[in-house]
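**Q** Have a look at this one.
The values are calculated or read from the model by the stated rules, or taken from the named source; none is laboratory data. Quick caveat: nothing in here was measured; it's all calculated off a predicted structure. Counting neighbours? That spans all protein chains shown, and the Cβs are built from the backbone with ideal geometry, glycine included. Heavy atoms of the whole protein, side chains included, go into the accessibility calculation; ligands, DNA and RNA do not. Shrake-Rupley method; radii C 1.70, N 1.55, O 1.52, S 1.80 Å.
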Amino acid sequence: QVQLVESGGGLVQVGGSLRLSCAVSGSIFSINTMWWYRQAPGKQRELVAFVTTGGSTTYTDSVKGRFTVSRDNAKNTVYLQMNSLKPEDTAVYYCYAQVKSTSDNFYRNYWGQGTQVTVSS
């Protein structure tokens, strides 16, 4: 059983920083690309950033220059460093990963449970 568990969310003032973590656990054979999504109240879930196995990163325009996605393959963990936070960054943040378990011959897609980030003005 593969699980993704996020941590690091919370309440922060405008201009502050938070670091989110998402640890993948279970009988893991390999992890492909890892993503961060977010969903604000009344809005659709949107892609924030992703990082490939090779470390290449991509960001949505609204977070470029403020957020940094990274991964530690030895720890099966993806991070999202969020700086210069704005009220519009308030959302539930979800990690998403393609994981091949030791019992599978293909990659499955998994979501974490989400962590709340609230930026107050």
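**Q** Find all pairs meeting these conditions: Cβ atoms under 6 angstrom apart; at least six residues apart or on different chains; first residue within the stretch 106-118 and touching a residue at least 12 places away in the same chain (Cβ under 8 Å); second residue assigned to a loop (DSSP other than H, G, I, E, B) and surrounded by 15 or more Cβ atoms within 10 Å (Cβ to Cβ).
**A** TYR110/VAL2; THR115/GLY9; GLN116/GLY9; VAL117/GLY9; THR118/THR90
**Q** Going residue by residue through the stretch 4-27, is there one that turns out to be without any contact (Cβ under 8 Å) to a residue 60 or more places away in the chain and of a type in the set (D, E, K, R)?
**A** No - not one qualifying residue is present in the stretch 4-27.
**Q** Give the number of residues within the stretch 2-36 that are aromatic (Phe, Trp, Tyr) and open to solvent by 50 Å² or more (accessible area, probe 1.4 Å).
**A** Count: 1.
**Q** Residues being at negative phi and part of a loop (DSSP other than H, G, I, E, B): count how many of those fall in the stretch 13-61.
**A** Total satisfying the criteria: 14.
**Q** Separate question: Kindly evaluate VAL99 against the criterion of being touching a Pro at 6+ places or on another chain (Cβ under 7 Å) and either at pLDDT 95 or above or among the aromatic types (Phe, Trp, Tyr) (or both).
**A** no
**Q** Let me ask another. Among VAL78, VAL69, which is the only one that is touching a Cys at 6+ places or on another chain (Cβ under 6 Å) and in a strand (DSSP E or B)?
**A** So the residue among VAL78, VAL69 that is touching a Cys at 6+ places or on another chain (Cβ under 6 Å) and in a strand (DSSP E or B) is VAL78.
**Q** So, one more: For the stretch 81-95, what are the residues that are part of a strand (DSSP E or B) and surrounded by fewer than 20 Cβ atoms within 10 Å (Cβ to Cβ)?
**A** GLN81, VAL92
**Q** Would you please list the contacts, defined by Cβ atoms under 6 Å and residues six or more apart or on different chains, that run from a residue in the stretch 74-102 that is without any contact (Cβ under 8 Å) to a residue 24 or more places away in the chain to a residue that is open to solvent by 40 Å² or more (accessible area, probe 1.4 Å)?
**A** Pairs that qualify, where the first residue is without any contact (Cβ under 8 Å) to a residue 24 or more places away in the chain and the partner is open to solvent by 40 Å² or more (accessible area, probe 1.4 Å): there are none.
**Q** With the requirement that a residue be closer than 17 Å to ASN73 by Cβ and open to solvent by 20 Å² or more (accessible area, probe 1.4 Å), what does the stretch 97-121 give you?
**A** Hits for the stretch 97-121 are GLN98, LYS100, THR102, TYR107, TYR110.
**Q** Next up: Limited to the stretch 65-76, what total is found for residues that are more than 9 Å from the chain's Cα centre (by Cα) and buried (at least 20 other Cβ atoms within 10 Å of the Cβ)?
**A** Of the residues in the stretch 65-76, 3 are more than 9 Å from the chain's Cα centre (by Cα) and buried (at least 20 other Cβ atoms within 10 Å of the Cβ).
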